[in-house]
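What follows is a set of notes on a single structure, which appears directly below.
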């Protein structure tokens, strides 16, 4: 597969989309990054997080519980809520894509794709920052994590490992680069079948003309 990146942006420019998460809010940060690249509107993740936590207690559910996870269906619901509130020309839908089709979404001029990875206890997929060899996802428990797909570079390496899949990720504020994964690790974590949500689920946020 050939090298590509979201909106043909350089890694440094993609990195500017990154905002640092504090709690279990990776999906909010990924949505904010997608909105910025599509519309140039920069929303504040902290304000959104506070708002949807309060809305949960009022019976408006954009996450599983206050300060808890945001599944792909809830990500779509949140995108539509933000679009209506801020008058943004965007919409979202869930698709089940192959990695090859996911790569092709980066070449479109009106799409941004969120992917959610899942893993069981002791099987967290390695995620690296830029060319460094440190694994930033070395966790013991089961879990999930949402990122904005940003780049594919078959020549990219993190340490000695080939890490072609690049993501705008909420583990650093801006920074000078993005986060990367090995092909097999990405395919396995993204391809884990989850009841009701399926596998290889991507939330596609599109810019309406």
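The values are calculated or read from the model by the stated rules, or taken from the named source; none is laboratory data. None of these values were measured; they are calculated from a predicted model. Positions of Cβ are generated from backbone atoms using ideal geometry, with glycine treated the same way; all protein chains shown enter the neighbour counts.
Summary of values
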item	result
Residue match in the stretch 66-86 (condition: free of Cβ contacts under 8 Å to residues at least 12 places away in the same chain and either in a loop (DSSP other than H, G, I, E, B) or more than 24 Å from residue 208 (Cβ to Cβ) (or both))	no
Those residues of the stretch 118-164 which are within 25 Å of residue 195 (Cβ to Cβ), surrounded by 19 or more Cβ atoms within 10 Å (Cβ to Cβ) and more than 16 Å from the chain's Cα centre (by Cα), in sequence order	124
Condition met for residue 43 (in a loop (DSSP other than H, G, I, E, B) and in contact with a helix residue (DSSP H, G or I) (Cβ under 8 Å, 6 or more places away or on another chain))	yes
Residue in the stretch 196-207 that is without any contact (Cβ under 8 Å) to a residue 60 or more places away in the chain and either surrounded by fewer than 22 Cβ atoms within 10 Å (Cβ to Cβ) or not in a strand (DSSP E or B) (or both) present	yes
Some residue of the stretch 178-188 being part of a loop (DSSP other than H, G, I, E, B) and at pLDDT 95 or above	yes
Total residues in the stretch 165-181, condition more than 16 Å from the chain's Cα centre (by Cα) and more than 13 Å from residue 136 (Cβ to Cβ)	1
Residue match in the stretch 3-12 (condition: touching a strand residue (DSSP E or B) at 6+ places or on another chain (Cβ under 7 Å), under 25 Å from residue 182 (Cα atoms), surrounded by fewer than 18 Cβ atoms within 10 Å (Cβ to Cβ) and in contact (Cβ under 8 Å) with a residue 12 or more places away in the chain)	yes
Neighbours by Cβ (under 8 Å, 6+ apart or cross-chain): first from the stretch 119-134, at positive phi and at pLDDT below 95; second surrounded by fewer than 19 Cβ atoms within 10 Å (Cβ to Cβ) and part of a loop (DSSP other than H, G, I, E, B)	122/140
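Yes/no matrix, rows are residues, columns are (1) within 16 Å of the chain's Cα centre (by Cα); (2) surrounded by fewer than 16 Cβ atoms within 10 Å (Cβ to Cβ); (3) closer than 20 Å to residue 167 by Cα:
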site	(1), (2), (3)
18	yes, no, yes
22	yes, yes, yes
26	yes, no, yes
38	yes, no, yes
50	no, yes, no
81	no, no, no
